[in-house]
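Chemist: Take a look at the following structure, please.
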Amino acid sequence: MPYILSHPVLDDVLQKRGIKPNDLAGIDKLFGGVDGYYWYHTMRHLCPRGETITWASEEEMRAAIQGHEDETAAEDEVKPQALKPEHLAAIAALLQAS
């Protein structure tokens, strides 16, 4: 099952659930709990505005998101966060193409 990431997709995910973009607690909960907002924000940075990223599998998606996190952490000279299973499960459910 393909997974699709774009700014409109992320905006739609929030809008369909009545969550405002500045509702950090709501976004945390939606994207897998504590640090959910962090991963939501990471995905917004991963996909440039106006573009769409499609992954064929959950593993491809996980590798791309974690790879982006690793790369930006290295640029900032900080330890990268690890994408936890609960975040990946929530992200996969929300970005799965229907």
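Chemist: Which condition from (1) loosely packed, with under 15 Cβ neighbours inside 10 Å; (2) part of a helix (DSSP H, G or I) is the one that Pro21 breaks?
Modeler: (2)
Chemist: Looking at (1) touching a residue at least 40 places away in the same chain (Cβ under 8 Å); (2) open to solvent by 40 Å² or more (accessible area, probe 1.4 Å); (3) in contact with a helix residue (DSSP H, G or I) (Cβ under 7 Å, 6 or more places away or on another chain), which is the only condition Leu95 fails?
Modeler: (2)
Chemist: For residues that are outside any helix (DSSP H, G or I) and of a type in the set (Phe, Trp, Tyr), scanning just the stretch 25-82, find the one that is least open to solvent (accessible area, probe 1.4 Å).
Modeler: Result: Phe31.
Chemist: Can you work out which of the residues in the stretch 1-18 that are among the hydrophobic types (A, V, I, L, M, F, W, C) and surrounded by fewer than 17 Cβ atoms within 10 Å (Cβ to Cβ) is farthest from Ala73 (Cα to Cα)? Let's see the steps before the verdict.
Modeler: Initially, the stretch 1-18 is screened for residues among the hydrophobic types (A, V, I, L, M, F, W, C), giving 1, 4-5, 9-10, 13-14.
Add one more test, that the residue is surrounded by fewer than 17 Cβ atoms within 10 Å (Cβ to Cβ), and what stays is 1, 4.
Values: Met1: 29, Ile4: 24 Å.
Applying the filter and picking the extreme gives Met1.
Chemist: Given the options Thr52, Thr42, name the one that is touching a helix residue (DSSP H, G or I) at 6+ places or on another chain (Cβ under 7 Å) and of a type in the set (Val, Ile, Thr).
Modeler: Going through Thr52, Thr42 in turn, the sole match is Thr42.
The values are calculated or read from the model by the stated rules, or taken from the named source; none is laboratory data. In this text the structure is predicted, and so the values were computed from the model without any measurement. Virtual Cβ from ideal backbone geometry, glycine too; neighbours counted across all protein chains shown. Side chains are part of the model used for accessible areas, which takes the heavy atoms of the whole protein and leaves out ligands, DNA and RNA. Shrake-Rupley method; radii C 1.70, N 1.55, O 1.52, S 1.80 Å.
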